[in-house]
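Visitor: Below is a structure I'd like to ask you about.
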Amino acid sequence: MMVLEANRTHMERALSLAARGRGRTSPNPMVGAVLIREGAIIGEGYHAYAGSDHAEVVALRAAGGAARGAVCYVTLEPCAHYGKTPPCTEALIEAGIAKVVVAAYDPNPVVAGRGVRRLREVGVSLEVGLLQEEAVRLNEAYFKHIRTREPFVLLKAALSLDGKLATRTGDSQWIAGELARHCVHEMRNTVDAVAVGIGTVLRDDPMLTTRLGGEEDRDPLRVVVDSRGRLPLTARLLRSGSHPPLVAASPRISPARIRQLRERGVEVLVLPSGEGGVSLPDLIRELGRRDITSVMIEGGGKLATFALQAGIVDKLILMVAPILIGGKKAPTLLQGNGIEKLSEALHVKQLTVERLGDDLLLQGYLTESIAPWAP
């Protein structure tokens, strides 16, 4: 195998390991590491959850004394500071690693090139940038949150071929098929929070929990955008999940209603008023301050429209079913008056399409690609 091809293979393995931590490492990044000696893997590891050993340390422990003189392939720059765990740079140096191949620099200000500089200072050979784009995309939520202190926002919707979210009577269960619904639970299992509008709660009474049937299921923070606090005290949101939901309200909510909801364990967050009732940019900033790095909006057409108008959506995820619903009064993904000129249209970038049973899964970005950080 040629050297370049082998390098890519080893980094691809490190990236696949890193992805095993998806949904568990926030607000930290997903990181994978592979140790190679004489062309063979002698140790590998990944960051399993926030506060656990870093990928490099796990890989070094697996390799033991064989790590001396080996090459370490790691998906993100090793840390050089003391946090919940000691610096990975020192662990690599003490183990006698001869070379470190890094996919991408870590933009975190406490790292930001220091890890690479530290290794170079002691004579460790360094290479940075192998599969950099893939490494940044894997941690797109982390990269955005570190740079802006705001979460990466996904907008997910299931709709018919003619763009309808439901029939004119509001019947929407189930537009998408079983595989698509399973995919939604997988997404919930990996994001920090999901958000819906109060209209969705009143209509569908959802739980918004992760139901994959495994021991590793994890419920995201469930956020209800509810300007007046109309969340029913009998809602399934209050009787399900590992923790109560958060209600994002406006100053229009009454003190008595705040008290009732808090007595049921609901956190009520009063935010400035905005388009549709609650200022969504203020909500996103507040979630970011709480180290929420990713939010998936699952609400209906109104919340989707307000989110897109506010410019807070980074990624669009559409599950399109091979059915036609029709009807002027049937709700669509984008509501309101719409645009007047095609030049004002939102452009979806890097659009991908794949099959989910009979349905199509469309994914694309509404914001520019997150550029790799470099010192």
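The values are calculated or read from the model by the stated rules, or taken from the named source; none is laboratory data. Here the structure is a predicted model, which is why all the values come from computation and not from measurement. Positions of Cβ are generated from backbone atoms using ideal geometry, with glycine treated the same way; all protein chains shown enter the neighbour counts. Heavy atoms of the whole protein, side chains included, go into the accessibility calculation; ligands, DNA and RNA do not. Shrake-Rupley method; radii C 1.70, N 1.55, O 1.52, S 1.80 Å.
Visitor: Looking at segment 300-374 from every direction and averaging, what is the projected area of its Cα convex hull in nm²?
Guide: Averaged projected hull area, Cα only: 7.1 nm².
Visitor: Find the accessible area per residue for segment 220-289; the probe is 1.4 Å, ligands and nucleic acids are left out, and the unit is Å².
Guide: 46 Å²
Visitor: Now for a separate question. Using amide H atoms built in the peptide plane, which far-off residues or other-chain residues are under 5 Å from Met296 H to H?
Guide: The answer is Leu154, Ala193, Val194, Ala195.
Visitor: Let me ask something additional. Counting alpha carbon pairs within less than 8 Å and at least 6 residues apart, what relative contact order, in whole percent, applies to segment 318-375?
Guide: Working: 45 pairs, mean separation 23.0, N = 58.
This gives 40 percent for segment 318-375.
Visitor: With +1 on each Lys and Arg Cβ and -1 on each Asp and Glu Cβ, and nothing else charged, work out how big the dipole of segment 149-277 is about its Cα centre, in Debye to the nearest 20.
Guide: 580 debye
Visitor: Can I ask one more? Take the Cβ-Cβ distance between Arg252 and Asp291 as r, set R0 to 30 Å, and report the resulting FRET efficiency rounded to the nearest 0.05.
Guide: 0.60
Visitor: Counting only other residues whose beta carbon sits under 10 Å from that of Cys79, what net charge do I get with K and R as +1, D and E as -1? Could you put the intermediate results ahead of the total?
Guide: On the way: positive: Arg114, Arg118; negative: Glu56, Glu77, Glu90, Asp106.
That works out to -2.
Visitor: Cα-Cα over 32 Å: which of Lys99/Lys156; Lys302/Lys349; Lys144/Lys328; Lys99/Lys315; Lys99/Lys349?
Guide: Table pairs above 32 Å Cα-Cα are Lys99/Lys156; Lys144/Lys328; Lys99/Lys315; Lys99/Lys349.
Visitor: Let me ask you something else. Can you list the residues, at least 5 places off or on another chain, whose amide H is less than 5 Å from the amide H of Ser240, using H built in the peptide plane?
Guide: Under 5 Å from the amide H of Ser240: no residue qualifies.
Visitor: Another question, if that's okay. Restricting the count to DSSP beta bridges whose residues both fall in segment 1-108, what percent are antiparallel, rounded to a multiple of 5?
Guide: 70 percent
Visitor: If you plug each phi of segment 242-248 into the Karplus form 6.51 cos²θ - 1.76 cosθ + 1.60 with θ = phi - 60°, what whole-Hz ³J(HN,Hα) values come out, in order, with x for Gly and Pro?
Guide: Values, residue by residue: 7, 7, x, x, 10, 9, 9 Hz.
Visitor: Follow-up question, since we're still on this one. Say we join alpha carbon atoms closer than 10 Å with springs in a Gaussian network model of the chain; which of Thr167, Thr293, Thr25 then has the biggest fluctuation?
Guide: Evaluated over the chain, the most mobile residue of the options is Thr167.
Visitor: Once the other residues with Cβ under 15 Å from the Cβ of Gly364 are scored (Lys, Arg +1; Asp, Glu -1), what is the net sum?
Guide: Every neighbour counted, the sum reads 0.
Visitor: Taking the Cα atoms of segment 242-375, what is the range of coordinates along each of the three principal axes, in descending order and whole Å?
Guide: 54, 46, 36
Visitor: Right, here's the next one. What fraction of the DSSP beta bridges in the chain is antiparallel, stated in percent and rounded to the nearest 5?
Guide: Details: 23 of 57 bridges.
Of the beta bridges lying entirely in the chain, close to 40 percent run antiparallel.
Visitor: Once R0 is set to 51 Å, what does the formula 1/(1 + (r/R0)^6) return for the Cβ-Cβ distance between Ala62 and Arg149, expressed as a FRET efficiency to the nearest 0.05?
Guide: So the FRET efficiency works out to roughly 0.90.
Visitor: Quickly estimate the mean residue ellipticity at 222 nm for the chain, helices only: each DSSP H run with n ≥ 4 gives -39500 (n - 2.57), and the total goes over all residues, rounded to 500.
Guide: Taking each H run of at least 4 residues, the total per residue is -8000 deg cm²/dmol.
Visitor: Can you list the HN-Hα couplings for segment 169-177, worked out from phi with the Karplus curve (6.51, -1.76, 1.60; θ = phi - 60°), rounded to whole Hz and with x for Gly and Pro?
Guide: Karplus values, whole Hz, x for Gly and Pro: 8, x, 6, 9, 10, 10, 6, 7, x.
Visitor: What is the dipole size for segment 57-108, taken about its Cα centre, with +1 at each Lys and Arg Cβ and -1 at each Asp and Glu Cβ, in debye to the nearest 20?
Guide: Dipole of segment 57-108, to the nearest 20 debye: 160 debye.
Visitor: For the chain, what number results from the quotient of the Cα radius of gyration and 2.2 N^0.38 Å?
Guide: 1.10
Visitor: Two-decimal Rg/Rh of segment 36-79 from alpha-carbon positions, Kirkwood Rh? If you can, show how the numbers build up before the last one.
Guide: Details: Rg = 10.5 Å, Rh = 10.8 Å.
With Rg and the Kirkwood Rh in hand, the quotient comes to 0.97.
Visitor: At most 11 other C-beta atoms within 10 Å and a DSSP loop state: those are the exposed GluC sites (Glu not before Pro) I care about. Give me the longest piece of the chain that has none.
Guide: 39-214
Visitor: Additional query: Under the 0.36 nm per residue contour assumption, what length would be gained going from the current alpha-carbon distance of Asn337 and Glu134 to full extension?
Guide: The Asn337-Glu134 span can extend by a further 69.3 nm.
Visitor: With charges only on Cβ, +1 for K and R and -1 for D and E, what is the dipole size of the chain about its Cα centre, in debye, rounded to 20?
Guide: Dipole size: approximately 1040 debye.
Visitor: Starting from 0.36 nm per residue, how many nanometres of slack lie between Leu346 and Arg117 once their C-alpha separation is accounted for?
Guide: Separation in residues times 0.36 nm, less the Cα-Cα distance, equals 78.3 nm.
Visitor: Could you tell me the relative contact order of the chain? Use alpha-carbon pairs under 8 Å, at least six residues apart, and round to a whole percent.
Guide: It rounds to 16 percent for the chain.
Visitor: Points 7 angstrom from Cα along the Cβ direction at Leu324 and Leu233: gap in nanometres?
Guide: Placing both labels 7 Å along Cα→Cβ, they lie 4.9 nm apart.
Visitor: Right, next: For His185 and Arg355, calculate 0.36 nm times their separation in residues minus their Cα-Cα distance, and state this gained length in nm to one decimal.
Guide: 59.5 nm
Visitor: Around Val184, under 12 Å between beta carbons, what's the net of Lys plus Arg minus Asp minus Glu among the other residues?
Guide: Combined, the nearby Lys, Arg, Asp and Glu give 0.
Visitor: Would you list the P(r) distribution for segment 151-265, with all Cα-Cα distances sorted into 10 Å bins from 0 and each bin expressed as a whole %?
Guide: Result returned by the calculation: 12, 41, 35, 12, 1.
Visitor: Please name which of Ile198, Leu131, Leu155 has its Cα lying farthest along the dipole of segment 113-205 towards the positive end, using unit charges on Cβ (Lys, Arg +1; Asp, Glu -1) and the Cα centre as origin.
Guide: Leu131
Visitor: If you don't mind, another one. What whole-number value in cubic angstrom gives the convex hull volume per residue for the C-alpha atoms of segment 162-216?
Guide: Working: hull volume 5.8 nm³, N = 55.
Cα convex hull per residue, to the nearest whole number: 106 Å³.
Visitor: Please work out the Cα center distance from segment 165-206 to segment 92-123, rounded to the nearest Å.
Guide: 43 Å
Visitor: For segment 94-170, go through all pairs of different Cα atoms, get the mean of 1/r, take its inverse, and jot down that Kirkwood value in Å.
Guide: Evaluated on segment 94-170, it is 16.0 Å.
Visitor: As a test of the definition: which semi-axes, in Å, follow for segment 1-134 when you take the square root of five times each eigenvalue of its alpha carbon gyration tensor? Largest first, please.
Guide: The answer is 19, 17, 15 Å, longest axis first.
Visitor: What are the residues whose amide H is under 5 Å from the amide H of Glu267, where those residues sit 5 or more places off or on another chain and H is modelled from the backbone?
Guide: Those qualifying (amide H under 5 Å, at least 5 residues apart or on another chain) are Val247.
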